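The values are calculated or read from the model by the stated rules, or taken from the named source; none is laboratory data. These numbers come from a predicted model, not from an experiment. All Cβ positions, glycine included, derive from the backbone under ideal geometry; neighbour counts span all protein chains shown.
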Amino acid sequence: MSELTLNNGVIIPQLGFGVFQVPPEDTQRIVEDALAAGYRHIDTAAAYRNEAGVGAAIAASGIPRAEIFVTTKLRNGEQGRAQEAFQNSRKALGADFVDLYLIHWPVPSQGLYVQAWKELERLYANNQIRAIGVSNFLSQHLDSLLESAEVVPAVNQIELHPSYQQAELTAKCRSLDIAVEAYSPLGQGGDLNGSAVTAIARAHNATTAQVVLAWHLAAGNIVIPKSADPSRLRENFAASSLTLTDDELASITALESGARIGSDPAVASFSQL
């Protein structure tokens, strides 16, 4: 499994497993399957309401906690009480610490994300979090944050897939030594059916999902696919051993259409409570 080094020296597995929209009652079983398949990076969030299932799966796995990288996120409606929200997440996970804690969305209409970042910096300084970062932050949000930040975010987790690559934002993050993490990395399945992807999959005797995930890994993205199907999550994990040619990578990059699937972070304002 390939790993990346974040800007504070913390090591993160590049291919992780996401539990967005995984029902709480199914989370433990599915995360146990992911851990058995070899994943050592699990991405959850308070808003997903399945942190407890993630924690239970880790405890049941028998794998030492230090060998599993856990990410969770601050809900939008709790940006004004980030300390309390973090402790609730930590307790739900049954963990003494969290490896990566993210502000889930900037919600600029609230005007609270800079304040929330200061609270994350305090938690980080107290060694309760190994790395802190953001999610869905656009260029203007990063600029506002960095005006007063003492700690540069380690990660910006954004919607990123072949048909929506956010090239300017990803380049800016990398210039600031902020790792880029892709959610919806397969375009929620929409990027798997194009002729370029299917042709590459046939050439490598691979799945189309493996091809797109290999493209992400080659680009240096952290990537967190999800699947409730044990065989599918094992197939996705095997993408780490797939190497594409430069021409194949370029043909996937050419799929850019500028079509966002999720909410626009410039205006998104839901509370997640």
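Looking only at segment 163-195, count how many residues are touching a Gly at 6+ places or on another chain (Cβ under 8 Å), part of a loop (DSSP other than H, G, I, E, B) and either of a type in the set (A, V, I, L, M, F, W, C) or within 12 Å of N221 (Cα to Cα) (or both).
Of the residues in that region, 1 qualify.
Assuming G258 fulfils every condition listed in (1) under 30 Å from R40 (Cβ atoms); (2) in a loop (DSSP other than H, G, I, E, B) apart from one, which condition is it?
Unmet condition: (1).
In segment 88-126, what count of residues is obtained for those that are out of contact with any strand residue (DSSP E or B) (no Cβ under 8 Å at 6 or more places or on another chain) and either closer than 22 Å to V31 by Cα or charged (D, E, K, R) (or both)?
Number of matching residues: 8.
Does S184 qualify as being within 20 Å of the chain's Cα centre (by Cα), buried (at least 22 other Cβ atoms within 10 Å of the Cβ) and not aliphatic (A, V, I, L, M)?
It is true that S184 is within 20 Å of the chain's Cα centre (by Cα), buried (at least 22 other Cβ atoms within 10 Å of the Cβ) and not aliphatic (A, V, I, L, M).
Here are L93, L35: which of them is touching a residue at least 40 places away in the same chain (Cβ under 8 Å), under 30 Å from S231 (Cβ atoms) and of a type in the set (A, V, I, L, M)?
L93
Could you tell me whether any residue of segment 240-251 is assigned to a helix (DSSP H, G or I) and either within 15 Å of A182 (Cα to Cα) or under 18 Å from the mean Cα position of the chain (by Cα) (or both)?
Yes, some residue in segment 240-251 is assigned to a helix (DSSP H, G or I) and either within 15 Å of A182 (Cα to Cα) or under 18 Å from the mean Cα position of the chain (by Cα) (or both).
Return yes or no: is A203 surrounded by 13 or more Cβ atoms within 10 Å (Cβ to Cβ), out of contact with any Leu (no Cβ under 7 Å at 6 or more places or on another chain), of a type in the set (G, A, S) and in a helix (DSSP H, G or I)?
No.
Residues in segment 120-146 that are in a loop (DSSP other than H, G, I, E, B), touching a helix residue (DSSP H, G or I) at 6+ places or on another chain (Cβ under 8 Å) and not hydrophobic (A, V, I, L, M, F, W, C): how many?
Residues of segment 120-146 that are in a loop (DSSP other than H, G, I, E, B), as a first pass: 126-128, 136-138.
From what is left, the residues that are touching a helix residue (DSSP H, G or I) at 6+ places or on another chain (Cβ under 8 Å) are 128, 137-138.
If we keep only those that are not hydrophobic (A, V, I, L, M, F, W, C) too, we end up with 128.
Total satisfying the criteria: 1.
Among the residues in segment 152-162, are any surrounded by fewer than 20 Cβ atoms within 10 Å (Cβ to Cβ) and assigned to a helix (DSSP H, G or I)?
No.
Rundown of residues vs (1) within 23 Å of V10 (Cα to Cα); (2) touching a helix residue (DSSP H, G or I) at 6+ places or on another chain (Cβ under 8 Å); (3) at pLDDT 95 or above, yes/no style:
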residue: L35; (1), (2), (3): yes, yes, yes
residue: D43; (1), (2), (3): yes, no, yes
residue: G53; (1), (2), (3): no, yes, yes
residue: E78; (1), (2), (3): no, yes, yes
residue: S89; (1), (2), (3): yes, yes, yes
residue: G94; (1), (2), (3): yes, yes, yes
residue: S109; (1), (2), (3): no, no, yes
residue: Y113; (1), (2), (3): no, yes, yes
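Within segment 164-172, is there a residue that is of a type in the set (S, T, Y), modelled with pLDDT of 95 or more, crowded, with 18+ Cβ neighbours inside 10 Å and more than 25 Å from N50 (Cβ to Cβ)?
For segment 164-172, residues of a type in the set (S, T, Y), modelled with pLDDT of 95 or more, crowded, with 18+ Cβ neighbours inside 10 Å and more than 25 Å from N50 (Cβ to Cβ): present.
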